[in-house]
Each structure stands twice: as structure tokens, then as C-alpha cells.
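Working notes, beginning with the structure itself.
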Amino acid sequence: MSNTDKEIHILPDVIANQIAAGEVVQRPESVVKELVENSLDAGASEIIVIVRGAGKQLLHVIDNGKGMSRADIELAPQRHATSKITTAEDLARITTLGFRGEALASICSVAQVEIRTRRHHDEHGWRLLSEPLQPPIIEPCSMQPGTHILVRNLFYNVPARRKFLRSDLTEFRHIADTMMRLALSRPDVRFVLYDDDTLQYDLAATSLYQRIADIFGRHFAETLMRVDHAEPLAHGSELRITGYIGQPQFAKRSKSEQFLTMNGRVISSRQISHAVISAYEHLLDQSNYPPFILNIALDPERVDVNIHPQKHEVKFDDDRTIYTAVRRAVAGTLSLHNLAPSVQFDTANTQAPQHDHVHERIVLSSRRFEQHDMHRASPSFSYRQQSPIFFHPLRPSVHEQSTAHFKDGTLLEQGTSTQALFKTTNIPSMHSIEQQTVSSAQSLASTPLWQLHAKYIVMSTADGIALIDQHAAHERILYERALKAMNEGWNYGQDLLFPIHIHLPHHDRALLQELLDDIRRLGFDVLPTPEGAEIRSVPADVRTGQEEESLRDLLEQYRSLSEVRHTSIRDNLAASFGCRAAIRSGDSLTLEEMQRLVHDLYTTHMPYTCPHGRPIILEISLEELDRRFGRSS
Ligand code: ADP
Ligand code: MG
């Protein structure tokens, strides 16, 4: 056999490392992530990141972690060199962020790297200089305990990769994004970021809530609701979901405020994000994404983190259980808050008189709301629309028992009777904080209502005025009724004097068959026929004259809704029915109709948002009006 028969050969280390680097180190941001993860694994409580030239010139990470010995600094840049796992069993229960022993080797193969490190009990540190294809230089150095890693001229020896880097702005944005995720994953660690010589931020070690406030601002944090949910998993371990979620009205068009960690590791998971969003169901428009910052804590044996070179995807042992648990956690928080805002009574900042508890609360809530106002374009309405203080008097007596108080997004107390909070007066006075109690239909009858442009109902309230979107309000009412009819089986149908025959296209006939059971429960007594259907009864809320279209409309709406909403058949049917059967903008209403609508709205579970997530009620308080008229109240 001649030598030319041997085509296969083992690649030299440096090339093998460069190939591995292709997976681990894709851009400066990946280097930052790997180095900061190493610092966290080393137990650092402070991490400083200095970026120059968007990381292409220099990335410098400084930590006060445990440092390395002379022997370890020599091994660290070698492939598969790690202190974090030893055996195959260790791989099945990883508790550190790193474990592959590849990052430093990969980085050293595509950049000039300097490592300076000193353990706390060592007298001096060690410095290693590494350059691809050169033997490393190691020498003693003087330094504080901890580790510095300097990565210079990233990809200087891999021009193809360097060419693929984006503009400095884009590369820096990736770095900043990753830093933010890491900072949210470990609020107990101080994070400092410099871009060239400019300090971007210095985040002190703190609670998660305060870290969120430090990054996104206090006003954002104040709109969050706390999640803390635990449930048992098979094998006796526990799953715990903690963090914060946003109120639906602060949802964004983008997913930029969604952060997920698993046992403190920044991860991305479409499944879990979907679980969160699905818990918001009809509170959100499908193109809106709620903010969330959540951590899933579970036994490391129940999850495989070794499925992705950059380790940000994970595989759960039992992903269905996790999915439903996350959904439950979020839904639980939403219902606990009854979608009320996280009202925070910041006693430290108040000059309000202390003599009256009620007085204080209301004054404070409007103060807070004005501050809020300055930071958002049209916020006051969306904030106030859900004030439990405003709505309680109108809600049915069962709800009157639950007044929740929140601080830092945490439920402080619950169950104060509204009787104690609201005093009855017949005439709402301009400056009085006393609330008019409108707890029954009679008082509603004496509340002034009128219709604006055949679109909105204007209602005078104890605290100002409220505007109700008549279509959205009716939609919410019908949606809940339809759902109830289907789930509880009460007869919502109304018989027609003469059955109606309608023609349905083929695909609608198939859909009708598929949904027949639930459509019947909804109150449509329909009989499929070869050319369409015979309708014998329709839900009581179908408007006179609309009987014929009602079923066709329902099927059509269901078809388009079910494409974008992944909820249950009944949910989608109820939402479709509500949407099509509701009164529209442009329909004029009598006083009785308006009274009924307002009354029915307040007996729904969620009078604040329509099934598509749009607001139903906006309130303008007297304080707001006074402010706009330049009067000081
Ligand atoms: P991994 O993190 O997967 O173990 P790395 O290549 O990222 O692999 O790092 C190799 C080893 O170098 C680590 O296991 C750790 O022992 C050591 N190391 C790296 N960075 C630091 C640091 N900042 N402080 C202390 N030790 C470090
Ligand atoms: Mg590592």
C-alpha cells in the first residue's frame, strides 16, 4: 500500500479548535457570554466587561471569582479541559453554566488571548499569553484575586468569519443584549459594562425586582406582577417557576421583553414562551407579546443542557409537564390579580394626610398615575382602566370582598371589604375622594350615561368619567356567556319559528361537522344537510334579522381565529361568536340598552379587556381633567 492511499489524517489541534470555535464562537457576543459564564461559575460577585471596537478589537472580562492555579491556567485553554465535570454521570446533572471545556480553547484558536488570574490565598497571580500556533507564555504577575481575560483581535486569523461580522452597532447590540440577559439571570451579582471608554451601566447586586427596575426603569417594573408557583414533579422532585410577568395592556409588538432562565441559565424555548403567552389567551391581541422574566427551577437531572453548542437550548425530560406548569403559573398570577394593576402605595413619597386610610390610598394611586403619565404617551387611561378602587363599587357583591394590595408586584393583603373603603354619597363631589357606591342596578339607573358617536358609552363616575367601547364590551359579555353555555350546558338557544336552510361551501360543511357538538351546546340547534345546514335555534343573543348569517359568520370567524389562536375549540368558538354577534360601532343604543350593557359588563370576569386583548374601558379622572385644564386640585 503506497502512502498516497492514505487520504484520511487527523487534523492538527489548532484547526480542530477552529472548527469547534465555529460552533461556540460566532461573534463577539458569544465570547462575552462564555467568559461571563466562566466568571459566574467561578463564584464571582462582581463582573466587569470592557468592550472596544464592538468586541472585534478587545473584549476584557474582569471578575473577583476564585481564580486559577499555575497548573490550571496552563490547562484551561486546552480543548476538553474543564474543572466542572469528571464522569459521564456528571453530564447528566450539570449545575454549572459551562461543562464542555471548549470555550477557552475555541477563543484561543481565533484570537490573541491574555489570562491573568490569582486565587484568593495565593501571593501573586499568573499571566498567560496565548497566540494561535505559538506555545503559550506563562509568567507570574501581581494582581488582586480573581481573573481577567483579554481577548484581542477576534477572528484576525479567520478572515472569512471576520468578514461576516456586522456593523459595530449591530455587534455591540448583541453584546448588550446578552449582558442584559445575564444580568437578569443573576441579580445577586454586580455587572458593569463599558463600551470603549463609556460606562454603559453599573448594576449593583440586588433583588430581581430591583434589577429589572435598574435595567428597564421603575415605571416598567411597577407594571409587573410577581409569579411564584411550585408543583411536584414525578420522581419526587419539585418544579418552581418564579419571576415577573407584565399586565396585558403593557404587551409589546415585539418579544424584546421576554426573558427566560432555567436554573439560572439563560435559555430560549419557543415552547415555554408559548406556554406563557397562551395563559394570556383572550387578554392579548395575537400580535402582542407580554413582558416576562421567569426562571424555571428544577432538578438538573430532569433536563439536558447538552444539546446545543452555545447551551441556550435545553431539553426537558417531561416538556408537557413543564409547559402546563408554566401556563398554570402565569394564569394563576393573572387571575390572582384579576388583571388589576400592581398598585403600589409608596408611603415614603407621600405628603398625603394620614388621617384617613381610604383617602391616602386613593390620593396615592392617582399620584403614581401622574408620574407614570410622564413616561408613556397615553398611559393614564390604560393604567386607570383597571383600577380596582374605581371598579369595585360597580362589581357584583361577590367581588366586593376582594381588594388586593400590591407592593413591588407582590400581593400584600387581600380580602378587605369594600364597605370599609367606600362611603356612600349621592352626589359625586369634585374634590372629595369619597366614592359613590354604585353597587346595584338601581344606582346604575341613576348614573348618567350617554352614547357618543354611536360608538362609546360615556358614564359619569365618582372619580371622573369613563368611556366604554360598546362593541368591545358586548363582545366580552357574549364571549363569556357562550363559554358558559358550552361548558355548563345551560340552554342558550332560542327556537326559531321557522327553521332556516342555509347553503354552506364544502369546507364549511366539514368544519361544521367537526364542531357540531360544541356548536349545539352554544345554542345553535343545527342539522347538517347535503347542501349546508338547517338551523332550528340560535343563541339568544343573536340579533333579530341576523339568524341566517349567524352560523355562517361563526364558521368563518372560527376559521380565521383558530389559525392564530391556539386555544381550545370552545374558547375559539366563544370568541368567534362574541366577535360576530356583538353590537357594532355605529349601532345606536337606547338608555335601557346602555344600562343593560354596562350592568352586564360588570358582571363578567374581566370587564377590562375584550377577548382580543383590546381595552374596553378608559377612565379619565377628575385629577387628570383638572391637570389638563391647568387647575391644581
Ligand atoms: P468550561 O467552562 O466548559 O469548563 P472553558 O473552556 O470555558 O470550559 O473553561 C475551562 C476551565 O477554565 C474551566 O473549567 C475553569 O476551571 C477555568 N476557568 C475559566 N474561566 C475562569 C474564571 N474566570 N475563573 C476561574 N476559572 C476559570
Ligand atoms: Mg466555560
Discussion item. Only one of E29, E23, E7 is away from ligand 2 (no atom under 11 Å from the Cβ), open to solvent by 60 Å² or more (accessible area, probe 1.4 Å) and not in a loop (DSSP other than H, G, I, E, B). Can you tell me which?
Written reply: E23
Practice prompt. Confirm whether R116 is of a type in the set (D, E, K, R), over 38 Å from the mean Cα position of the chain (by Cα) and either in a helix (DSSP H, G or I) or over 28 Å from P300 (Cβ atoms) (or both).
Written response: yes
Worksheet item: Is one or more of the residues making up segment 589-609 in contact with a Cys (Cβ under 7 Å, 6 or more places away or on another chain) and surrounded by 15 or more Cβ atoms within 10 Å (Cβ to Cβ)?
Response: no
Worksheet item: Looking at this structure, is L129 surrounded by fewer than 18 Cβ atoms within 10 Å (Cβ to Cβ), away from ligand 2 (no atom under 16 Å from the Cβ) and aliphatic (A, V, I, L, M)?
Response: yes
Discussion item. Against the definition (of a type in the set (A, V, I, L, M), within 19 Å of L224 (Cα to Cα) and not assigned by TED's automatic domain parsing to the domain that holds V32), how does A297 come out, yes or no?
Written reply: no
Response to the item:
Of the conditions (1) near ligand 1 (Cβ under 8 Å from one of its atoms); (2) in a loop (DSSP other than H, G, I, E, B); (3) more than 32 Å from the chain's Cα centre (by Cα), the single one that R79 does not satisfy is (1)
Item to complete: Taking the options T87, T96, name whichever one is surrounded by fewer than 16 Cβ atoms within 10 Å (Cβ to Cβ) and either assigned by TED's automatic domain parsing to the domain that holds I73 or within 16 Å of ligand 1 (Cβ to nearest atom) (or both).
Response: T87
Worksheet entry | Cross-chain or 6+ apart pairs with Cβ under 6 Å, segment 33-60 first and more than 16 Å from ligand 2 (Cβ to nearest atom), then open to solvent by 20 Å² or more (accessible area, probe 1.4 Å) and charged (D, E, K, R) | E46/R190; V51/D195; R52/D196; A54/D168; L58/R52; L58/R152
Worksheet item: Of all residues in segment 565-588, which are β-branched (V, I, T) and open to solvent by less than 60 Å² (accessible area, probe 1.4 Å)?
Response: T567, I583
Discussion item. Looking at segment 196-203, can you tell me whether even one residue there is more than 30 Å from E131 (Cβ to Cβ) and either within 16 Å of ligand 2 (Cβ to nearest atom) or not hydrophobic (A, V, I, L, M, F, W, C) (or both)?
Written reply: yes
Worksheet item: Got a sec? Which of L233, L182, L150, L165 is surrounded by 21 or more Cβ atoms within 10 Å (Cβ to Cβ), touching a residue at least 60 places away in the same chain (Cβ under 8 Å) and among the aliphatic types (A, V, I, L, M)?
Response: L182
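The values are calculated or read from the model by the stated rules, or taken from the named source; none is laboratory data. If you're wondering where the values come from, they're calculated on a predicted model, not measured in any experiment. Note that we place each Cβ from the backbone using ideal geometry, even for glycine, and neighbour counts take in every protein chain shown. SASA here: full protein model, heavy atoms, side chains in, ligands and nucleic acids out. Shrake-Rupley method; radii C 1.70, N 1.55, O 1.52, S 1.80 Å.
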